[in-house]
1. Being farther than 19 Å from Glu157 by Cα, touching a residue at least 60 places away in the same chain (Cβ under 8 Å), of a type in the set (S, T, N, Q) and surrounded by fewer than 14 Cβ atoms within 10 Å (Cβ to Cβ), is that true of even one residue in the stretch 90-105?
2. Looking at Asn17, is it closer than 26 Å to Tyr5 by Cα, touching a strand residue (DSSP E or B) at 6+ places or on another chain (Cβ under 8 Å), at pLDDT 95 or above and not hydroxyl-bearing (Ser, Thr, Tyr)?
3. Which of the residues that make up the stretch 98-129 are closer than 24 Å to Glu43 by Cα and touching a helix residue (DSSP H, G or I) at 6+ places or on another chain (Cβ under 7 Å)?
4. Quick check, is Phe64 closer than 25 Å to Tyr5 by Cα, out of contact with any Asp or Glu (no Cβ under 9 Å at 6 or more places or on another chain) and part of a helix (DSSP H, G or I)?
5. Residues that are closer than 19 Å to Ile126 by Cβ and surrounded by fewer than 16 Cβ atoms within 10 Å (Cβ to Cβ): does the stretch 76-85 have at least one?
6. What number of residues within the stretch 41-58 are modelled with pLDDT under 95 and in a strand (DSSP E or B)?
Amino acid sequence: MSKRYRFTKQDFEILQNFIDENIESEEPIDLHKSYRFECSPFENEIYISNKRVNKTDVQFKKWFEKQPEYTPINITFLSILHEIGHIMTRNQETLDNRDLQENIYQFLEEQKIITNEEHNFAYFSIPCERKATMWGVEFYKNNVELCKQIIKKINLENF
């Protein structure tokens, strides 16, 4: 993968400082590199992969554009805010329910009852997933200039 698609060490420092200075969490939120975007909400850890937009990101954007709360936001940055949103809106019962629903959607896709896109649209609509996204949208709307500055600093403008 080309280096331009990767978050650099400096990008991680900028994002960690952004989180530390602007997210009011009970405990510090730690940012880590991973092969995909994900979160450990009860450990206050978020994981991000790279800047490249993949098939799932395209489907996430397509799903998000159909939501009544749609706001034009860089989809990679929204994915970061979404992972933070999981920490800010965490609830064990809804996370357990998400896992159950995701297993059902995975089974339906494996059986070719639903497409990959239908699977992802259903997943993005699971209450705790949607809630995390909408937390990110609200944060962005309340901090547009700050978010745009971060997007520029970490070179996400072309993704």
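The values are calculated or read from the model by the stated rules, or taken from the named source; none is laboratory data. What you see is a predicted model, and the numbers here were worked out from it, not measured in a lab. Positions of Cβ are generated from backbone atoms using ideal geometry, with glycine treated the same way; all protein chains shown enter the neighbour counts.
1. Taking every residue of the stretch 90-105 in turn, none turns out to be farther than 19 Å from Glu157 by Cα, touching a residue at least 60 places away in the same chain (Cβ under 8 Å), of a type in the set (S, T, N, Q) and surrounded by fewer than 14 Cβ atoms within 10 Å (Cβ to Cβ).
2. Here the answer is no, as Asn17 does not meet what is asked.
3. Across the stretch 98-129, the qualifying residues are Arg98, Glu102, Tyr123, Phe124, Ile126, Pro127, Cys128, Glu129.
4. Judged against the criteria, Phe64 is a match.
5. No, that holds for no residue.
6. Qualifying residue count, the stretch 41-58: 1.
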